[in-house]
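Inspection log for the structure reproduced underneath, given as structure tokens.
The values are calculated or read from the model by the stated rules, or taken from the named source; none is laboratory data. If you're wondering where the values come from, they're calculated on a predicted model, not measured in any experiment. Ideal geometry is used to build each Cβ from the backbone, glycine not excepted, and the neighbour counts take in all protein chains shown. All accessible areas refer to the heavy atoms of the entire protein, side chains included, with ligands and DNA or RNA removed. Shrake-Rupley method; radii C 1.70, N 1.55, O 1.52, S 1.80 Å.
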There are 2 protein chains.
Amino acid sequence: MESNLGWLMNRAGHIWRTVVDHYMAELGLTQTRWVALLVLDKVGEGCTQTVLAANVGVEQPSLVRTLGQLEEAGLIERRTNPEDGRCRTVWLTDAGRELLGKMEVVARDGRKLLLKGVSSEQRKMLHDVLEIIISNAQAVLEEERK
Amino acid sequence: MESNLGWLMNRAGHIWRTVVDHYMAELGLTQTRWVALLVLDKVGEGCTQTVLAANVGVEQPSLVRTLGQLEEAGLIERRTNPEDGRCRTVWLTDAGRELLGKMEVVARDGRKLLLKGVSSEQRKMLHDVLEIIISNAQAVLEEERK
DNA sequence: AGCACATAGTTAGCATGCTAACGAAATAGA
DNA sequence: TCTATTTCGTTAGCATGCTAACTATGTGCT
């Protein structure tokens, strides 16, 4: 019954990303890159790479590579931070902002397809439960780190 | 509000796997390998590699590598199929079955930690909603394939 | 029977995730 | 003040996912 909830969580998360990626590919973006862009927009421009990595859900070195690619593609830029020489802040370029507009349309359309047959009540519950699970997981990982 | 449901789905699926993996590592297993073993058990021994790959949620070549590793570790074996020379069926060895027993304990404990604070009603709804989403996604991918 | 096509598994090579280790800059403590 | 530690970004190298292409076997059409 609930013995495969973890299993379903994984499948659902993975296949969701695959579907959206299918459409994002038409914009010339790979999964890694559009995820980074969307999260940058969500977190807010000017954040540090560490903060961005944590929100994307990858380790810093993984993000460094992706940001390098996005920078090379002229979608973002990294600026040095006068207040803290260790950090570099991340910003969208005009081209990046323009692309993001298109991406949001794609993400919304994908969401609509994937949530077909799911009531608004269920959506709300899903949202809440997912947040609980993520919070629990973070607590566990935090605890284990010691 | 619901604009980041896809985002949460992904995070939750990913972090769930990370947490369980944390404990599975103590059994000497990597994420890829324990997932394959659990799914083999769920789908049933004697299935073909294609069926197993579909259920694990990876492409065949990815699974081939993993099965090679599991076979080398003496946890599974691949047998030729007398009825269809193209297929090879996958079976657990005694060592594999024994390890699986331990893995199920780990998976159950992990699930317990991750679902803390989630009511049984919410669990049921989560289960149903995830199945709807997966089903929708499969339909979309199927459609796109044409 | 024979030829085109489909299917299962595999191999090769690329993309992307990770950990480990490093340098530069900030911070804390003697 | 100056030394040890922490933090941020990076590089290097390994593990694992993917697609493309190949071989072997089965299937279907003529």
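Computed about the Cα centre, the dipole magnitude for the stretch A:2-114 is approximately 220 debye when only Lys and Arg (+1) and Asp and Glu (-1) carry charge, each at its Cβ. With its label point defined 7 Å out from Cα along the Cα-to-Cβ axis, residue A:27 lies at 4.0 nm from the matching points of the other copies, in increasing order. Within the full protein context, the accessible area of residue A:64 is estimated at about 70 Å² for a probe radius of 1.4 Å.
Residue and whole-Å distance for the chain A Cβ lying nearest the axis of the A-onto-B rotation are A:13, 1. Here each label is just a point 7 Å from Cα along the line to Cβ, and for residue A:64 and residue A:27 those points are 2.7 nm apart.
Would you list B:112, A:124 from the most to the least accessible area, probe 1.4 Å?
On the way: B:112 160, A:124 120 Å².
Output order, biggest surface exposure first: B:112, A:124.
Amide H contacts for residue B:76 (H built 1.01 Å from N in the peptide plane; partners 5 or more residues away or on another chain; cut-off under 5 Å): B:71, B:93. For the protein assembly as shown, the extents of the C-alpha atoms along the principal axes are 65, 51, 40 Å, listed from largest to smallest.
Take every residue in peptide B:112-121, count the Cβ atoms of other chains within 10 Å of its Cβ, and give the average of those counts. Don't skip to the answer; put the middle values down first.
Values: counts 1, 6, 11, 7, 6, 5, 9, 2, 2, 1.
For this peptide, the per-residue mean of nearby foreign Cβ atoms is 5.
Ignoring ligands, DNA and RNA and using a 1.4 Å probe, state the total buried accessible area between B and A in Å², rounded to the nearest 100.
Details: alone 10540 and 10490 Å², together 15790 Å².
Accessible area lost upon association: around 5200 Å².
Under the criterion of Cα pairs below 8 Å and six or more residues apart, the relative contact order for chain B equals 19 percent.
Tally up the carbon and sulfur contribution to the accessible surface of the protein assembly as shown as a whole percent, 1.4 Å probe, everything protein left in place. Intermediate results must be reported in sequence, preceding the final value.
Details: 7770 of 15790 Å².
Carbon and sulfur atoms account for 49 percent of the accessible area of the protein assembly as shown.
Looking at the square roots a ≥ b ≥ c of the eigenvalues of the Cα gyration tensor of the stretch A:65-109, which shape do they give, rounded for a/c under 1.5, prolate if a/b is larger than b/c, or oblate?
Working: a/c = 2.74, a/b = 2.32, b/c = 1.18.
Cα axes put the stretch A:65-109 in the prolate bin.
Here residue A:59 yields copy-to-copy label distances, from shortest upward, of 2.5 nm, the label point defined as 7 Å from Cα along Cα to C-beta.
Volume of the convex hull of chain B (Cα atoms only), normalised per residue: 142 Å³.
May I ask you to list the GluC sites (Glu not before Pro) in the stretch A:35-130 that are in a DSSP loop and have at most 15 other Cβ atoms within 10 Å of their Cβ? Present the calculation step by step, with values, prior to reporting the outcome.
Details: sites: A:45, A:59, A:71, A:72, A:77, A:83, A:98, A:104, A:121; in loops: A:45, A:59, A:83.
Here the sparse-neighbourhood loop sites are A:45, A:59, A:83.
The other copies place their residue B:82 label points at 8.2 nm from this one, listed shortest first, where each point is 7 Å from Cα along Cα→Cβ.
Summed over qualifying helices (DSSP H, 4 residues or more, each -39500 (n - 2.57)) and divided by its residue number, the protein assembly as shown shows a 222 nm mean residue ellipticity of -23000 deg cm²/dmol. In the protein assembly as shown, with Lys and Arg counted as +1 and Asp and Glu as -1 at Cβ, which of these residues, A:10, A:47, B:73, has the Cα nearest the positive end of the dipole, that is, farthest along it? The residue sitting most towards the positive pole is A:10.
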